[in-house]
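A short reminder: the numbers here are calculations on the coordinates, not readings from a lab. Keep in mind that what you see is a predicted model, and the values were worked out from it rather than measured. Here Cβ is always computed from backbone atoms with ideal geometry, including for glycine, and neighbour counts include all displayed protein chains.
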Amino acid sequence: SSGSGRLTDYPQTDRTGSAPPEDRCGVAFSLTLDDVEVSEFHQAHGGLPPVGTKLRIAQRKRVVAITDADVTVGNIPTSHNYLAACMKDGWTYVGLVTNSSSGPPVASVIVDFAPEGTP
């Protein structure tokens, strides 16, 4: 995994386990997926998704980006772990691949995500 390794990537919740403030959940964002070279998508297709591919965010062992066919494309960076709490509260996220590069030095998939609906 290529997360930042910063403790701030793992925000603390209060004893009730409450989610981050709603405004954080409702904000669009762009990110580079982690671990795309070892993803289900890369293994199945021998490459990366092309620009324009629609992705959704889902909770698996980690928070991941998946295709409409439920195939994992990559992990969401740990700096966005707050999305797990947002999704638990009913938020959903969709995005489009805006850049897809096989390297060098490493493969890269950049996705613009936005909340699809509010809880």
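Extending 7 Å from Cα along the Cβ direction at residue 40 and again at residue 70 yields two label points whose distance is 0.8 nm. Across the stretch 43-49, coupling constants 3J(HN,Hα) worked out from phi with the 6.51/-1.76/1.60 Karplus curve, θ = phi - 60°, read 5, 6, 10, x, x, 10, x Hz, and Gly and Pro carry x.
Taking label positions 7 Å along the Cα-Cβ direction at both residue 59 and residue 89, the computed distance is 1.3 nm, reported to one decimal. Note on residue 99 and residue 116: their simple-model spin labels are 2.6 nm apart, each label 7 Å out from Cα toward Cβ.
Amide hydrogen proximity for residue 74: with H placed 1.01 Å from N in the peptide plane, the residues at 5 or more positions away or on another chain lying under 5 Å are 65. By the equivalent-ellipsoid construction on the alpha carbon gyration tensor, the stretch 37-99 comes out with semi-axes of 20, 12, 10 Å, ordered largest to smallest.
Between amide H atoms placed 1.01 Å from N, distances below 5 Å from residue 55 occur with 95, 96, 97, all of them 5 or more places distant or on a separate chain.
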